[in-house]
Every structure is written in structure tokens, then in C-alpha cells.
Amino acid sequence: MSKGKQGLLFDEGGSSAVKPKAPARKKKAPQTKKSASTRTKAAPRSKKAPGPAPSAESMSKKQREISVSEFFAKNRHLLGFDNPAKALLTTIKELVDNSLDAADEARIPAEVDITIDQISEDRFRVTCTDNGPGIVPKNVPLVFGKLLYGSKFHRLKMSRGQQGIGVSAAGMYGLLTTGHAIRVISRTAKNKPANRFEIAIDTQKNHPAVKKQDEIEWDRPHGTSVEIELEASYRKGHHSVDNYIRQISLANPHATLRYRAPDRANDMDLTVYAGVTNELPPETAEIQPHPYGVELGVLMQMLRETKARTVQNFFHTEFSRVSNKVAGDIAKLARVPANRKPAKVDRKEAEALHKAIPQTKIMAPPTDCIAPIGEELLEKALTSIHPAEFITATTRRPVVYRGNPFLVETAIAYGGAELSADDAAIVYRYANRVPLQYQHGACAISKAVAATDWKKYGLQQPKGSVPVGPMVLMVHIASVWVPFTSESKEAIAHYPEIIKEIKLGLQDCGRKLGAHVRRKRRDADEEKKRSYITKYIPHVATALQEILELSDKDRERTVVTLTDVLERSRKM
Amino acid sequence: MAKAKKAAKKTSAKKSVRKIARKRAPQGEKRIHATDEETMDQIDSTAKRIYDTIHKSGRPDLKLPIRSLSNVSYDPKRGYLEIGNQNKVRTLSVNTVKNFAQTLRMMSLSKELISNNDFATKREAYYISKNWEEAKFDEQPESDTVMDDIEALFSVEAVNREQLRFYPEEHGGSVSGPLVVIDQDNTGRVARIDCSSFGSGAYSVPTSVEALQFETNADFILLIETGGMFQRLQSHRFWERMNCILVEMGGVPTRAVRRFVRRLADEERIPVYAFVDCDPYGIANIYRTIKVGSGSSAHINKFFCVPSARFLGVTPQDIIDYELPTHKLTDVDIKRAKDALKNDPFFKSHPAWKKAIEQLVKMGVRAEQQALAKWGLNYVIDEYLPQKLEHPDKFLP
């Protein structure tokens, strides 16, 4: 699980827009707006319309802090808890993402047990147990009982979770719908005890309320187990939990997942997705932001908080790929003295600096911060899940959007008994090894799939949509900061650089697929023609027999000779 | 073989009637069609050639003349669209083996029909093919095409579809007027049919007209496009008033109607006038086909068109002269007209037609023959046709 370093309380809208090292303001804009509108609603101005107009003083009494947890309790759809079916999926998703992230970071080959028990018609208990590094006891309440607490938000590193709201939101949803607190067992090492917690969330204060904590015996040397009871519904199909777990195993070929579905006969009835490799994904470096992606507000915040003594030093130390010389160039272009104290930089100067950045040539950010799944493993994983007749994968080289490095991977499984030739291709979308199941229409991946010309590769494609064929298309985007369109992390924003890369990847797979499809069609044609010979030659002979009144022997001789003649002519 | 000979004897009665017909045919048209023996010989020799080629380890082929407007020429002296000498050779291969099998089976069926002195309608032949397992036809157009192929294959030898004993479904048009048709049915009974005594009805042209004989003293034959107009002229006994034979074509006339009018016109030496709608379809499809034949059946045009026919109306000039109500030309109409001017050898060699079609396109409108009803229901009988018929020399070629 995420190891928190510092707590962070969301205060009133305004200043929350400026967070240290948060490279994309886009992520936060909706939160700010929403909290503002909630506030307006809270003030019951319209109801009092007939009375005397409220004064600023009387209004100020109603203006108070809104806790983030309270805000999300009212806007649970923003986090993916819109309906009972989705709530189950989102809960599983947050738990599994955290388990895999923690294990990967601690360089442990992940083993995750997921169990769903149905308690009553609309109530489920989800348990997720991993073999990760565990969480130190003092951080456990904060990790699970406080929204926006975590290790992932403040850094630029490729990880599944990004914002530190997921797991505590799931816990809060459970608490709100069933009254049951989230239950956690965690152990960091064999020589340390395992701790058991029951944690509720004080939604007013965005603060964990630990209801119970004790040390227990646990059979695991290290790891974390989380149990959440929630109101939910279990469904099959495209958006199902079953499907999600299958898809996540596809993007994490090193992990082993054991899944017990709620409709299982007994506990021995489980689905195991064994890892297809012993190799862990390469460790990814944490990087500093690249100047090309920084926004003015963020830049000002960073200037205020930096330890650097000069503007030149500030750029050199706080950003990646900025040498002392480049830092000087930026300052010079902005007509800001290079030795000016960062804290003394005023708004106007900051704006000049911000304008100078794109005009300065700066090296692209380092790309060792992203770890692809890899073509070989993608193909292996796809084969284990979809035993198709043709499988291909492509890993593109890392490139940059708005100063953030990212890379695209695409894979295709084509043909085989399981896939229907008359349906639209199944598209699996991934961001940092996490499957995206909802809002496919709003996603850059879907757009890129539809914008690719699949007819070139021998497939049918209705205008402006996904190709038709017995095919699974997989697209993975890995980045230190994946630009989602909303907090529920369901769709990737339409950045032209991203769409272009996805298309290039799909085209590469498409070309290989096209060669296969054409070969297959040729073989089928060949087969058809061969069958033509055996089908129609007897009719030629029968007609000749009828017209020329031949004997049966002559007819048979004609069949043999003509078959021979045609076979020979075909080989020529 | 013995069976075939027996069958040939059976048909001898029919043949004698044909001999008379042929005797009466005018000079220059020696052989309208082959005899049954000749047709069967054609089938036999084609099959034999294929059989021999196979047993010499060769790949047999069929040589078919290309049937389209691109392979026809028009000489006003000859009077019809004549098929050119472009051929397509279909060699037996993996791709053509199905077609070969079907063609040969169809030829075998034809031979059987001739032997039994029977016939099959095009639809019936299609159903017979359902016994041919894999070689069966899925849809009737496929079997029709194969029939046309065999017909084209033998066209040099004057074998046409009727000789192969495949008859079209639709009967010919209607006829009324001072004409006696002498016909004979399958039992050999001879009938004299008076086309002026059908009351409010009319005589209907049979599918095979080759054996018919005629007696008439009519002054001309009037071909009418629509059933409605025919009805009016027939029920008002226009034929009596003008001493003419009325023939209803019902759109593009069938082979039988074309042949019927051709024989009647040639043998009785009476002029033929066409009265159709004034639109590109009436001119370029209906009139052109009756006058010089069509591109797709170019191999039989020689016998199945009426080169002496002339265009009475409705002409583009009539629209102006008679102030007819019009409709706008559609895109299809305009395309058809331009196509006729550019690609049709018949229109290209008649400046009068070129002028008329260009005039029509410029006017941008069309008029139906029934538009004359604007001036009164019987205006066409009392005014339009009599006026027109006073100057047959002014008819379009």
C-alpha cells in the first residue's frame, strides 16, 4: 500500500488550484469549480427572498470550510461510485491497483488474492490481500481514512494510482452505505507484528477515526489485507469485475492474481491468473517536472517554496533537463535578473519567465521513468487469455506531451474460436497497466482506434467507428502523469500527441495483421478453388456424357483427365 | 442417338410450315434460324470439341462474342446494330469450371428438349437446374445469362434462344386491326385469327412467331408505347378509320413483338410508325430497340428489329407546337440522352436525331403521349394523329 509522507488538507477552493509540483491544472479544475458551486448552494439565499437582503456579515456566518471528504460524499460519482455495480468494480480496482503498485515498488513479485462475498442481495464484502511491503502502523489510519493522502500525488513517477483518493473513497463509500468501517491488516516484516485496524472516516474533518487497533497473529510475513463491506451489485459482462481482473492480469504479466467470485461454489472454486514471467517490470525513476508542462500558477507556487537562492538555480534544481546555462537563458529572455531571489519574483516577472520557457530550447525529459510491458510479454499475456490464431504487439518509443514523457503500446489478438467475426473488435484500454472500463466514447484511445484506417489491413470498418472482426485490440499508455478526463480515471484526454502515438502503434500492429489476414484469405481462396475442381468437374463430365451419349467409363475417365489438367494448370 | 432421330421425325410437320414462311421471306434474309438438326449438331460438335480437347490433356475453351454497345456498328444501309468481331475466350480453369459445368448442362437440357419436341420457359429451366446439385443456379438471372451465352455462342449458326427451346416468360404485346394471323398449335390444328374481331380486347402476340402467316391490306402499322393509349385507339376503332394495325409494345418491346412486326412489315411490305413518349427512354431505349436492336442482344439484332420503322412522335418539336404539359427531365434522363448522343452508333449517324435530342436536352423537359389529353380525350384520334399522318416524310428516321 502507499506509504504516505505528508498529510495534506484540502482547504477552500481557491488556493487548492495551486499545488506544489502538480503539473496539470486540468485535473483540479473540476474540483475547484464543484466546491464553489456547492458553497453557493449551501447558502440558502433564494429561500429567504422575501425578507431583508442578507448583509455580508450575515452571509459570512454561513460560509465555512468544506471538507473534501464531505464534498466527495455528496459527489461520489466523480470517483466512480455512481451505481452499485460500478461501486463494486471501483472498489476492487482501487484495492488491486494499490496492491500492485506497492509490490512493484518494493520489488516483490506481486501475488494478490481477491475475494468477493455476497452477504445479502445488495451487500458485498470485498477482501484484497497482497504480499507487498505492508504499511507502518502509524500511517495506516491516514492511508485508509483520509482522502487525498498518499505518496503518489506529489511526484512524477509512473504508477497505477495517481491522486491518493481511491482507497479511502472506497472505504468511505462502504461506511456510508453499510455503516461498516474499513478493516485492514498490515505487516511490514517477519520480525514485526501484524496490526489489525478498523477505520472510519470523519467526513466533516477529513480525518480518520480509528475504531479498533490490535496486534494479531498473521500467517503472512509481510503484506496488507483490506476488507470493505459495501452496498453493491455483481454483474457479468463487459463492465464486470471478472472482466476487469482478466484485463488487469493481461497488463501485469508478472503478477499472480487469485480471484474468488461471489457466485463460486466453494473457496476452492477460484480463477488463477498466474504470472507468465518471473521478471518484474523495470524500476522506474521518479522525475522532476519538465518546464514545458508547467503552468503559471504552479510555477509561482514553486518559486515561493523552493530552497534555491537564485532564479537561475531554481530552474536548474527544480526541473528536469535544465542546465545552468539553459536556466540563465530563460532568465535572460524573460529579462529577469538571474540572481534574483525566487521568493522576490513578482507576478509580472513570473509571467515573463513562464512565457520564456517555450521559447527556450530544452532537451526532452528523460524517458527511463516509464516502463513498458514489452512486446514479448504482451504477446505472451494475450495468448494466455485469448488463444487467438494471430497475436502481435508493438511498443513505441517514449515521447512527450506537455513536458510529460509517455509511451504507447498496442497489441492485437485476431481470430480463433472465441472471437466473433461479425462483432466490432473488443478494445482493451489501459493507462499505467490499469484497465479502463467506462466512458470508452470519451477516451483518446477509442478515438485513435476509430480514426485508424483498418480497411487497409483487410478488415471491415463502419465509417468513424471501431473495426469489425474477430479481434481484441489492446492499447496501453504509460506515463508519469496520465491525463484523465476526470477523477474517476475512466478516459484519457484527447491530446493530439497521444492520439498520434496510439495511431502509429495501431498502424504498426495493423500492418502485421494485414499480412496475416491477406495470407489467410489467399489460403481460403486456394481452398475454395480446390473444392471447385472436385465439385464441378463431375458436372462437366455428366453433361458431356448426356450430350455425347458416353459410357460411364468414359465419363469417369473424363473426370480423372480433366482434374489432372486443371491441377496442372494451377501449378503453372 | 436413336432417340434423337425419332424426335426429329416428330417435328417434321412443324418444319413444313416453316418452309412456307421462309419461302415468303424477302431476299437477303436467307436463314432466319437453324433447323432442329442443325441446333443439335451445334450442341454435339461443341461438346465433342471439348471432350476431345480434354482427352488430349488440353484446356477446352468457349469463344463468345462480346455483347455490348461497344462491340456493335451501325450502317444505315443494313439498318440494324451489327455485332462486331470482338470475342471473349472463356478457357476452362479453376475459376470458370462452375460456369463451364452449368453451360454444358444447359446445352444438354436444350438437346433433350429438342429431342422431345418440348420447351421450357426461362423460369422452368431455372427450376430444372435445381436437380444439378452443386451446379444448380441460385437465382434466375444466372441461368438467363448462361442461356444468352449459349445463344451467342451459336449465333453465327443462326441458332437463337427459341431454337434452344428456352422461351421467355412474358408474351408479346397486343395487336388489333385489319389482320388475319394463321397459326397452328401443338396439336397441329390450324387457326385463322381475325385481329379486328376481338371486341374491346386484342390479339396477343405468341412467344414464337416464326411459323405465323399473315393476311392483311392495312396501310401501315402503328406501334404504341403505353397500354393506355392503345386502349383509347383500339376502343375507338382508330384502326378502322385509318386502315392500320395497332400494336401495343408495353415499354421496350419483347423479342417476339419485334420479330412479329418485322415479319409483318417485310412480308406485307407495309410501313411502320412508332408513337412513344417524348423522353430519352422512349427515344433511346424503346424506339432505338425496335428500330435497330439493342447492344446486349446484338447477336440477334439482324432478325429482331424493324429497320423500316419511323418515329411519328411525340417529338420535341411537338411539345412546342401542341403546347403540351411537361415534366422536368431527371438526372437519369439527361444522362441517358447524353449517353445516346455520345455512344450510340444509331443516333450518331442521324443528324436529325442528334438535333432532336439536343433540342430536348436544351428544353429540359419531357412529355408523355397521353399529355395530348389536355386538348380533349379524343384529340389524339381526331387531330394529332391524322395531322401527323399526312406527312410521314417528316417523321424522324
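The numbers here are math on the coordinates, done by the rules we state, and not lab data. The structure presented is a predicted model; accordingly, all values stated were derived computationally and were not measured. No Cβ is skipped: glycine too gets one built from the backbone with ideal geometry, and neighbour counts run over all protein chains shown.
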**Request:** Using only the Cα atoms of segment A:74-263, build the gyration tensor, take square roots of its eigenvalues as a ≥ b ≥ c, and label the shape rounded, prolate or oblate: rounded if a/c is under 1.5, else prolate if a/b is larger than b/c, else oblate.
**Result:** rounded
**Request:** Quick one: give the max-minus-min coordinate of the C-alpha atoms of segment A:291-359 along each principal axis, largest first, in Å.
**Result:** 21, 21, 21
**Message:** If I take every Cα pair under 8 Å that is 6 or more residues apart in segment B:16-167, average their sequence separation and divide by the length, what percent do I get for the relative contact order?
**Reply:** 27 percent
**Message:** Under 8 Å for C-alpha pairs, at least 6 residues apart: give me the relative contact order for segment A:74-263, rounded to a whole percent.
**Reply:** 29 percent
**Message:** What value in Å³ per residue do you get for the convex hull of the alpha-carbon atoms in chain A?
**Reply:** 244 Å³
**Charge dipole (debye, nearest 20) of the protein assembly as shown; +1 at Cβ of Lys and Arg, -1 at Cβ of Asp and Glu** = 3440 debye
**Complete:** In deg cm²/dmol, rounded to the nearest 500, the helical mean residue ellipticity at 222 nm of the protein assembly as shown, built from -39500 (n - 2.57) for every DSSP H run of length 4 or more, is -12000 deg cm²/dmol
**Message:** If the elastic network links every pair of Cα atoms under 10 Å, which of B:Leu341, B:Leu223, B:Leu81 fluctuates the most in the Gaussian network model of chain B?
**Reply:** B:Leu341
**Fill in**
Note on chain B: the mean projected area of its alpha-carbon convex hull, in nm², is 21.0 nm²
**Asked** Once you sort the root eigenvalues of the Cα gyration tensor of segment B:174-394 as a ≥ b ≥ c, which label holds: rounded (a/c under 1.5), prolate (a/b larger than b/c) or oblate (the other case)?
**Response** oblate
**Item:** Filter on A:Lys455/A:Lys503; A:Lys463/A:Lys500; A:Lys138/A:Lys489; B:Lys88/B:Lys354; B:Lys335/B:Lys362; B:Lys355/B:Lys388 - keep pairs with C-alpha separation over 21 Å
**Value:** A:Lys138/A:Lys489; B:Lys88/B:Lys354
**Fill in**
Residues whose modelled amide H sits under 5 Å from the amide H of B:Phe311, counting only those 5 or more places away in sequence or on another chain, are B:Ala274, B:Leu396
**Item:** Translational diffusion coefficient (Stokes-Einstein; Kirkwood radius from C-alpha pairs) of segment A:375-518 at 20 °C, 1.002 mPa s, in µm²/s
**Value:** 142 µm²/s
**Asked** Across segment A:457-467, in residue order, what do the Karplus-derived ³J(HN,Hα) couplings come to in whole Hz, using 6.51 cos²θ - 1.76 cosθ + 1.60 with θ = phi - 60° and x for Gly and Pro?
**Response** 9, x, 10, 8, 8, x, 3, x, 9, 5, x
**Prompt:** When the dipole is taken about the Cα centre of segment B:146-254, and only Lys, Arg (+1) and Asp, Glu (-1) are charged at their Cβ, what size is it in debye, to the nearest 20?
**Reply:** 500 debye
**Asked** Using the Kirkwood radius built from alpha carbon pairs, what does the Stokes-Einstein equation give as D for segment B:284-335 at 10 °C and 1.306 mPa s, in µm² per second?
**Response** 121 µm²/s
**Request:** Measure of size requested: the Rg and Dmax of the protein assembly as shown, with Cα atoms as the atom set and Å as the unit; please supply both.
**Result:** 44.7, 127
**Fill in**
Under 5 Å from the placed amide H of B:Gly251, counting only residues 5+ away or on other chains, we find none
**Prompt:** Which whole-Hz ³J(HN,Hα) couplings does segment A:76-86 yield from phi under the Karplus relation 6.51 cos²θ - 1.76 cosθ + 1.60, θ = phi - 60°, glycine and proline marked x?
**Reply:** 5, 4, 4, 9, x, 10, 5, 9, x, 5, 6
**Request:** Quote the relative contact order of chain A in percent (integer), defining contacts as alpha-carbon pairs under 8 Å separated by 6+ residues.
**Result:** 12 percent
**Item:** Placed amide H near A:Arg340: partners under 5 Å, 5+ positions off or other chain
**Value:** A:Val311, A:Gln312
